[in-house]
Amino acid sequence: MPDNPSSDVLLVTGAAGQLGRRVLANLLDVHGVAPQRLVAVTRDPAKLADVAARGVAVRRGDCDDPATLAPAFSGAHRLLLISTNVIDRPGVRVAQHKAAVAAAEAAGVAHVVYTSMPRPDRSVIPFAPDHLATEQALASSPLGWTVLRNAWYCENLGFTLPSVLASGQWFTSAGDGRVAYITREDCARVAAAALIAHPAENAIHEITGPAALTTAETAATIGDVLGVPMAVVQVSDEELVQGMIGAGSPEPMARIWASFDSNTQLGNFDIVTDAVERLTGRPPETLRAHFTANKAAYLPAGAGATT
Ligand SMILES: NC(=O)c1ccc[n+]([C@@H]2O[C@H](COP(=O)([O-])OP(=O)(O)OC[C@H]3O[C@@H](n4cnc5c(N)ncnc54)[C@H](OP(=O)(O)O)[C@@H]3O)[C@@H](O)[C@H]2O)c1
């Protein structure tokens, strides 16, 4: 690694994803990193033509095709490994992420930042072992590493809300379990800061929103902001699964989605830290602020329009 951190080449994998794009924007526009120091790796470089036009090196890299990773990672000093989105086939991501870790090591990368999830060691979510195995692969490598255990995105609620808005009922098996929702943008701010930082030690950070809310509190907040009353209906895990299947969700995905609620009830998302402020200098956005700023995006087209 060069002595002068400002000469480090910073690489972002999965750069065309929603998080990856925001991380690149943070590095360029907030931290003022010179584009010549950045490498954006994606399966489809055409999607990042705008980023390439700013002077960032855009390279093709696909964790399903490890041979692409050696040229993609060449010359990088610090690398953000964004977890892939293959959540419906547990185990696939382990191979993808291990290929990336091995390629980073072979390319002489000094430090890897990885986007994990809360408490992967005790989570009941089917894809949690993928994150745990990736954390372990980093820990047993000679690489320096920073693990960002990102809490659940506020934006995930966009998948739940259409049926809630249509029926006025929010079915959940989460009981009084709490989730410290965080915005994707705050996760991107943290990832950019972690990629730039030169920590003395490897570390796991729990990246959370500012408060852990029950489903009742979440529904009350969102209902208040959107102006739509929402009744929270507690059901069993299996009733939740069957309800989603009845609404048209394939059973494997219904079981994954329902496991978020089971995991919430077990307390595995009930973590609040000051890591966002500590790592970025600014506290995370609240759920209320996020929904207030993005109200129109969460309401059905036409709803809430003024005449
Ligand atoms: N905390 C949460 O609530 C939450 C919610 C959703 C997702 N996540 C996790 O956080 C990650 C980033 O979130 P996001 O919002 O950016 O999701 P997204 O927009 O769905 O992005 C998917 C990401 O997966 C990458 N990817 C997929 N297959 C890949 C492969 N074979 N090799 C390399 N990269 C591959 C994509 O990279 P390219 O398209 O550039 O190749 C992209 O960065 C997700 O992939 C998922 O692991 C967390």
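Counting only Cβ charges, +1 for Lys and Arg and -1 for Asp and Glu, the dipole size of the chain around its Cα centre is about 740 debye. The relative contact order of the chain comes to 17 percent, based on Cα pairs under 8 Å that sit 6 or more residues apart. For the listed peptides 208-219, 24-35, a ranking on the average number of other beta carbons within 10 Å per residue, highest first, reads 208-219, 24-35.
Pairwise Cα distances in the chain exceed 32 Å for 29 percent of all pairs. Taking the longest Cα principal axis of the chain as reference, the axis of helix 251-265 is set at about 80 degrees. So what's the gap between the Cα centers of region 123-138 and region 9-87, to the nearest angstrom? About 23 Å separates the Cα centre of region 123-138 from the one of region 9-87.
Considering only alpha-carbon pairs that sit under 8 angstrom and 6 or more positions apart, the relative contact order computed for region 95-225 is 27 percent. Over region 47-145, Cα pairs under 8 Å with separation of 6+ residues give a relative contact order of 27 percent.
The phi torsions of region 122-139, fed into the Karplus equation with coefficients 6.51, -1.76 and 1.60 and a -60° offset, translate into couplings of 10, 5, 9, 6, x, 8, 4, x, 4, 5, 4, 5, 5, 4, 5, 5, 5, 5 Hz, rounded to whole numbers, with Gly and Pro shown as x. At q = 0.14, 0.18 Å⁻¹ the log10 of I(q)/I(0) for region 1-81 amounts to -0.40, -0.67, computed by Debye summation with a single uniform scatterer per C-alpha, solvent ignored. The percentage of C-alpha pairs in region 239-299 whose separation is greater than 20 Å is 58%. Scalar couplings 3J(HN,Hα) for region 213-229, obtained by applying the Karplus form with A = 6.51, B = -1.76, C = 1.60 to θ = phi - 60°, are 10, 6, 5, 4, 5, 4, 5, 5, 5, 5, x, 5, 5, 7, x, 10, x Hz; x denotes Gly and Pro. Close amide H pairs (under 5 Å, H built 1.01 Å from N) link PHE171 with VAL233, residues at least 5 positions away or on another chain.
Exposed loop sites, defined as trypsin sites (Lys or Arg not before Pro) outside DSSP H, G, I, E and B with at most 16 other Cβ atoms within 10 Å, are absent from the longest region of the chain, namely 123-307.
When the inverse distances between all different Cα atoms of region 58-150 are averaged and flipped, the Kirkwood radius reads 13.2 angstrom.
FYI, it's all coordinate maths here, none of it is from the lab. This one's a predicted model, so the numbers in the text were calculated from it and none came from an experiment. Cβ: placed from backbone, ideal geometry, glycine included. Neighbour counts: every protein chain shown.
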